[in-house]
Structures are given as structure tokens and as C-alpha cells.
Amino acid sequence: MPSETLWEIAKAEVEKRGINGSEGDGAEIAEKFVFFIGSKNGGKTTIILRCLDRDEPPKPTLALEYTYGRRAKGHNTPKDIAHFWELGGGTSLLDLISIPITGDTLRTFSLVLVLDLSKPNDLWPTMENLLQATKSHVDKVIMKLGKTNAKAVSEMRQKIWNNMPKDHPDFESEKRKVICKTLRFVAHYYGASLMFTSKSEALLLKIRGVINQLAFGIDKSKSICVDQNKPLFITAGLDSFGQIGSPPVPENDIGKLHAHSPMELWKKVYEKLFPPKSINTLKDIKDPARDPQYAENEVDEMRIQKDLELEQYKRSSSKSWKQIELDS
């Protein structure tokens, strides 16, 4: 009999607690799913730990990690459950996006994109690759779900439509302006919130409040900061394209960019100031098996031995094929 997956174990535990009546008198338990993606070493784990009140040092995320939190809305009420998924490796593990995003989770699903502002040249390619991969998978899930539950798909599309728009890095002023306005445009375009954060306690508390709103339905903050000289904090729906304005580039240059859409125009303006590095540099090319922090002497020695045996086998096989060709 195949072993249970982590998801099946967690689901069974939730159902068990509900049967035992430890969560209240039959009141419905709300479940939400929050998926963190973004720059490698961008602070995703730190944000999750803060939201869950876990006082422990963050560890590198090797691939895809899962944790959950529980919170009661009031006295003697069942605790709502928030499932947190985190994708490691920046843009190198896009195939794993399909694991947390399914037809069952999509109805109460939120995406949190974390970008490293200290690496502005990697910002747009990282953001674009992750968002495109996520959107592509979500479209597939919705299409598959539509074949069996058209009503649910209609409700999800309406919800998406309703959300659509009706210590700071020391960059010089113009560069900071381009970064801030570009991120505001992308966030508003997707109906998302935009927050800058750091190790500052005040900023961590702010973003914790936003994540709690996504995870547990707590009322979202109405505060807003669009001053590019301060950490931006804009809750979804509080910005507008009119307030954001046009891309920060001379009017004479806009006509030379030949963009087919507003998003492409902003991309060209951004990449003109921050040319992206080669796409290969955005992928994690390190082999986790050779990472010193995962060293195991006996295992590593056996790995070296097996690698040598494999090379010898390849060489002997190559000679055998050459001999066959000569004989023929």
C-alpha cells in the first residue's frame, strides 16, 4: 500500500479534529491557501515565520515547502486554517508551481510575490517568469475545472474581475522612481497589493497584517504610502492608473519603444534602465547533492564511487559500439 503524502496526512488530521468536536459546535472551518514565490533569498521564509509568530531563524528553502497556521475569529469558535506554500530557487523550479495550485485550492488561493530590490536588474525577469508560469498553470486548472463545474469557474472569474483595478534601497532618485512606478503599475494591473519590507519591525508588522488578511480574512488595512522616498505600502484597490501616471521616460522616447501593450511598454522602459542579465544566471545551477551544508561522508563517498563506475561504463559502452561499427 503506498505511503500517505504530507497533504493526505494534514487533511486526515483536520477531519479527525472536526469529528472529535474540539473545534466548536459544528461551525464551519474556513481554509485558505497562500503561495509565496519570488527572488531567491528574498525573505519569503522570514515573512511566513513572522506571520505564524515563530521565533526561529529562517532556513534556506531547497525546493517547495509547506506549513500551516490556525487562528480563531473569536471565543469558543473553530479555528480557521491557513496553508502556506513556499517555492525556493527563484525561477529554477517553475514545474513545482503545479503542486499547490489545484482545482480544490484555487477558490481560496492567494499569491504573494517577493522581489529583491537590491538586485534591480533581476527584478523584471524574475517577476515575469514567475507570473507567466503561474498564470499558465492557473489557466490550465480553470479550463480543466470548467469541464466538470462551469458554475465554480464563473464564480472564480467574477472574483478575479472584482479584484481588478476600477529601510529602502539607496538608489539614485530616477532609478528609484522607475522601480517604484513600475511595481505600482504591475501590482495594480493584477489587482494586487504592493508592500516594501525589510528587517524593520514596523514594516514586518505591516506585511504581517496583510498576509493575515489573505490567510484568515482579517480586515485589510486602509493605510497607504506612495512616496517613493519611503517604503511603499499600497493595499489592493487603493491605487489607480491615473495616480501612477505614464512610464517615467521622455515623451519623445516613448514613440520609439514600439510596444504592443501597456505591460510591454513598462517592461521596455524598465529594462532600458536595468538591462536583465542572461536568463541562465537567474537559474540555480548548483547541485544540492554537492552543497556542503548537506554533506554526508559515507553517502558522498558512495556517490563518487558510483559516478566513477558510470563514467567507466559509458567509456566501455562507447568502445563496444565503435567496435560493432567497424566489424559491420
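The values are calculated or read from the model by the stated rules, or taken from the named source; none is laboratory data. Quantities reported herein were computed from a predicted structural model and do not represent experimental measurements. No Cβ is skipped: glycine too gets one built from the backbone with ideal geometry, and neighbour counts run over all protein chains shown. The protein model used for the area step is the full one, side chains on, heavy atoms only, and it has no ligands, DNA or RNA in it. Shrake-Rupley method; radii C 1.70, N 1.55, O 1.52, S 1.80 Å.
How big is the dipole moment of region 180-255 about its Cα centre under a simple scheme where the beta carbon of each Lys and Arg is +1, that of each Asp and Glu is -1, and everything else is neutral? Debye, nearest 20, please.
Taking the Cα centre of region 180-255 as origin, the dipole is about 320 debye.
What FRET efficiency comes out for Ala152 versus Leu62 if R0 is 35 angstrom and r is the Cβ-Cβ distance? Round to the nearest 0.05.
0.55
Ignoring ligands, DNA and RNA, what percent of the 1.4 Å accessible area of region 112-164 is carbon and sulfur?
55
Can you give the local net charge around Trp85? Use residues other than it whose beta-carbon is closer than 11 angstrom to its beta-carbon, Lys and Arg +1, Asp and Glu -1.
-1
May I ask which of Lys159/Lys181; Lys40/Lys73; Lys177/Lys272; Lys32/Lys140; Lys32/Lys206 have a Cα-Cα span longer than 24 Å here?
Lys159/Lys181; Lys40/Lys73
Given a 1.4 Å probe and heavy atoms of the protein chains only, how would you sort Arg157, Arg184, Arg208, largest accessible area at the top?
Arg157, Arg208, Arg184
Give me the distance in nm between label points sitting 7 Å out from Cα along the Cα-to-Cβ direction at Asp55 and Leu310, one decimal.
The answer from the label model is 4.6 nm.
For q values of 0.21, 0.26, 0.29, 0.30 Å⁻¹, compute log₁₀ I(q)/I(0) with the Debye formula on a Cα-only model of region 193-246, without solvent.
Debye output, listed in q order: -0.80, -1.09, -1.23, -1.28.
Expressed as a whole number of Å, what is the distance separating the alpha-carbon centroids of region 75-123 and region 205-239?
So the two Cα centres are separated by 17 Å.
Would you kindly work out the equivalent ellipsoid of region 38-87 from its C-alpha gyration tensor and give its semi-axes, the square roots of five times the eigenvalues, largest first in whole Å?
Equivalent-ellipsoid dimensions as semi-axes: 25, 11, 8 Å.
If you place +1 on the Cβ of every Lys and Arg, -1 on the Cβ of every Asp and Glu, and leave all else neutral, what size is the dipole of region 56-206 about its Cα centre, to the nearest 20 Debye?
Roughly 780 debye, rounded to the nearest 20.
How much net charge surrounds Thr235 when only the other residues with a Cβ under 13 Å from the Cβ of Thr235 are counted, with Lys and Arg +1 and Asp and Glu -1?
Charge balance in the 13 Å sphere: +2.
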